[in-house]
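Readers should treat all values here as calculations from the given coordinates under stated rules, not as data from a laboratory. Remember, predicted model here, so these are calculated numbers, not experimental data. Ideal geometry is used to build each Cβ from the backbone, glycine not excepted, and the neighbour counts take in all protein chains shown.
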Amino acid sequence: MEENNTQNSSLVTIRNLSFAREQRVIFDNASLDIQHGKITAIMGPSGSGKTTLLKLIGGQLSPSQGSIVVDGQHINQLNRSELYALRKKMGMLFQSGALLTDINVFDNVAYPIREHTALPESIIRTLVLMKLQAVGLRGARLLYPNELSGGMARRVALARAIALDPMMVMYDEPFTGQDPISMGVLVKLIKTLNDSVGLTSIIVSHDVEETAAIADYIYIMSSGKIIGQGTPQELQQSKSEWVQQFMNGKPDGPVKFHYSSDNYFDDL
Amino acid sequence: MITFLSTIGHSVIATLTKTGRGALFLKQTLSYTFSVLCQPRLISKQLFSVGVLTILIITISGLFVGMVLGLQGYYILSDFGAEETLGVMIAASLVRELGPVVSALLFAGRAGSSLTAEIGLMKATEQLSGMEMMAVDPIQRIVCPRFLAGCLSMPLLAAIFSMVGILGGQLVGVSLLGVDEGAFWSQMQSSIDFYDDILNGVIKSVVFGFVVTWISLFEGYDAIPTSEGVSRATTRTVVYSSFAILGMDFILTALMFGDI
Ligand SMILES: Nc1ncnc2c1ncn2[C@@H]1O[C@H](COP(=O)(O)OP(=O)(O)OP(=O)(O)O)[C@@H](O)[C@H]1O
Ligand SMILES: [Mg+2]
C-alpha cells in the first residue's frame, strides 16, 4: 500500500527492462523505481548486473527492451546534448574510481566544476576543499591517483561525484576496500548528503549491514530478475528463501554463488 | 570450404565495420574543430607532447639522413664530374620525399604509438566512461585537441627534418669532401622550385600528419580495453600508419610529379 502513495515521486522508473551482452541475458523483464530523495540500495551476487544497471540508468548502454525514465525523460530517446544535460545532474562513483590519472586529486575533484561552470578559481578552491574534507582527504589533495590506495581513490571519486551537487548520485560499491573507520564515515556521509540536500542516492553494495542501516528501500537482484524488494525491516522478516540467504550471507540456498556453468564434476 | 568462406566473410565484414567506425570517429572529431580551436590551451599542451617532444628524434635522424645523402650523392655525382649539383640532389630528395616520408614514419613510431597507448589505457581504466558520465565528451576533450596538434606538428617536423638534413649534407659534402660551397647553395637555390618542390612536400606532410594522427587516435579509442588489447592496438598503429604513409606517398607522388 505504502508503495502506491509514493509511486509518482519516483525519479527513476524502469519498466520491463531487458538487456543482453552477446549471448548472456543480464536483465530479463526487470522493473524498479528509485524514489525521489530516498536512498535506494541495489544488492545482488557478484556478476548479477548491478554495474550494468547503473550504466543503463546513466545512458551509457541502451536496453534491448523496456524503458528507463530518469527525471521524466526517456533516457535512450534523448539526443546527445539532452543526454549530457541530464548527466550533469547525475553523479556517478565508478567501481574502479575512474579518476583522471594525469592530474592530481584536487584537479580531479575540480574537473567537473571547471568544465561546467565559470566560477572563479577561489570559489572552486573552496568547493573542492569542502568536498575533500568531507571524505577526509583534504591533506591528500596534491597526490596523483597512482599514489593513492584503492580505498582513498574511491573516496576521491566520491568527492568528484558530488562535486556539482547533483540531484542524484549513483554509488557503485562505495564501501569496498574501506577500513571500519572510513566505512563508518562514508555511511554517515552518504546519509547526511541525502537528507540535508535532498539528494537521491542509489547504492550498489555487498555490505548488507551497513547498507541496510541507511537504505530506505532495497532491491535484491539475481539472474536478471528482481528477487526481493522492500524496506530493510521488511526484507529481514521476509519469508523468501532467496532474500533470507542473501541478507544473512548463507552459502547454500537458491542464489547461486557460481557463474552459470556445466556440472562441476563433468567439467573435471 | 564453407568455414573457409565464412571466415573470409567475417573478416571482410569486420574490416568494413571498423572502417565505418573510423569514419564516424573522424567526423565526430572534426565536428569539434572549431570549439577546440577557441580553447588554445587544450591544443598547446598537446602540441608540446606530440610535437615538441618529437623534435629531438627528428633532428638527429634528419642530420644522419642528410649526411648519408651527402656521401652517396658525392660518390655518384663525382663519376660524372657533377659534384656541384650535390646541393640540388640533397635538397630535392629531402624536400620532396625523405622529409615528409621519413619524418612521418618517425612521427608514427614516436608520437602515434604513444597517442594510441594513452587513449587505449584511458579507455581500459574507465577514464573515458568517467568523463562521459560527467557530461564531458571525451572526443571533444581528449581526442580533438590531440588530432589538431598532430595535424599541426607534422608539417613543421617535416620542415625541420629537411632543413637539418640539408645542413647535414652540406657538412659532409662541403666541409668534408670539398664541394664548392658557393656552387652547392646557388645551384640549390636556382633549381628548387617553391611550388613544385616545397609546396608539394608540405602537402604530403600535411596529408601524412592527418592520416597518422587519425589512425593513432582511432586505434586507441577502438582498442579492446585490456592491457593486451592496448598493446595490440599500439602495434597496429605503427603498422597501419607505415603502410598508409608509403602507399599514399606513391599515390601523391604520381599525382604531383607523374604528369598523369
Ligand atoms: N564489457 C562487457 N562485455 C561483456 N560482458 C560483460 C561486460 N561487462 C560485464 N559483463 C557481464 O555482465 C554481467 C554483469 O556485470 P556487472 O559488472 O554489471 O556485474 P556486477 O553486478 O556489478 O558485479 P560486481 O558485484 O562483481 O561488481 C557479468 O556476468 C559480466 O560477465
Ligand atoms: Mg559491479
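Annotation: average projected area of the stretch B:134-260 is 11.5 square nanometres, based on the convex hull of Cα atoms across all directions. For the listed residue pairs A:38/B:123; A:89/B:123; A:55/B:27; A:89/A:188, the alpha carbons are over 28 angstrom apart in A:38/B:123.
For the stretch A:166-223, what does the alpha-carbon gyration tensor say about shape, rounded, prolate or oblate, given a ≥ b ≥ c as the root eigenvalues, a/c under 1.5 as rounded, and a/b over b/c as prolate?
Working: a/c = 1.71, a/b = 1.07, b/c = 1.60.
Here the stretch A:166-223 falls in the oblate category.
When peptides A:226-237, A:112-123 are ranked by their average number of other Cβ atoms within 10 Å per residue, the highest-first order is A:226-237, A:112-123.
Let me confirm one metric for peptide A:54-63, namely the mean number of other chain beta-carbon atoms within 10 Å of its residues' beta-carbons.
Numbers: counts 1, 3, 0, 0, 3, 2, 3, 0, 0, 0.
The per-residue average across the peptide is 1.
With a cut-off of 8 Å between alpha carbons and a minimum separation of six or more residues, what is the relative contact order of chain B in percent? Reported as a whole number, the value is 32 percent.
Antiparallel versus total DSSP beta bridges in chain A: what percent is that, nearest 5?
Working: 20 of 37 bridges.
Roughly 55 percent of the DSSP beta bridges within chain A come out antiparallel.
Note on chain A: helix-only mean residue ellipticity at 222 nm, from DSSP H runs of 4+ residues weighted -39500 (n - 2.57) and normalised by residue number, equals -10500 deg cm²/dmol. Need one word for the stretch B:1-118: rounded, prolate or oblate. Basis is the Cα gyration tensor (sqrt eigenvalues a ≥ b ≥ c); a/c below 1.5 gives rounded, then a/b vs b/c decides. Oblate.
Determine the calculated [θ] at 222 nm for chain B from helices alone, applying -39500 (n - 2.57) to every DSSP H run no shorter than 4 residues and normalising by the residue count; nearest 500 deg cm²/dmol. Before the final figure, lay out the partial values.
Values: 12 runs with 194 residues, N = 260.
When only DSSP H runs of four or more count, the value is -25000 deg cm²/dmol.
Computed 3J(HN,Hα) for the stretch B:7-15, one whole-Hz value per residue from the Karplus formula 6.51 cos²θ - 1.76 cosθ + 1.60 where θ = phi - 60°, is 4, 4, x, 4, 6, 5, 4, 4, 5, glycine and proline marked x. Working ranking of peptides B:191-203, B:233-245, A:58-70 by packing, defined as the average number of other Cβ atoms within 10 Å per residue, highest first, is B:233-245, A:58-70, B:191-203.
In this structure the amide hydrogen of residue A:93, modeled in the peptide plane, comes within under 5 Å of the amide hydrogens of A:170, A:171, A:172, none closer than 5 places in sequence on its chain.
Between residue A:31 and residue A:264, residue separation times 0.36 nm minus the direct Cα-Cα distance comes to 80.6 nm. 3J(HN,Hα) couplings calculated from phi for the stretch B:90-101 with the Karplus curve 6.51 cos²θ - 1.76 cosθ + 1.60 (θ = phi - 60°) are, in sequence order, 4, 5, 5, 5, 6, 5, 7, 10, 5, x, x, 5 Hz; Gly and Pro show x.
Each pair of Cα atoms in the stretch A:102-189 enters the Kirkwood radius, and Stokes-Einstein at 20 °C and 1.002 mPa s then converts it into a translational diffusion coefficient of 163 µm²/s.
A cut-off under 12 angstrom between Cβ atoms defines the neighbours of residue A:68, and their net charge, with Lys, Arg +1 and Asp, Glu -1, is 0. If R0 equals 60 Å, the separation of the Cβ atoms of residue A:144 and residue B:196 corresponds to a calculated FRET efficiency of about 0.70.
Remark: mean inter-chain Cβ contacts per residue of A:96-102 equal 6, using a 10 Å Cβ-Cβ cutoff to other protein chain atoms.
Here the alpha carbons of the stretch A:1-151 define both size measures, Rg and Dmax, at 18.3, 52 Å. Among B:117-123, B:134-140, B:107-113, the peptide with the highest mean count of other Cβ atoms within 10 Å heads the list, and the full ranking is B:107-113, B:117-123, B:134-140. Take every DSSP beta bridge whose two residues both sit in the protein assembly as shown; close to 55 percent of them are antiparallel.
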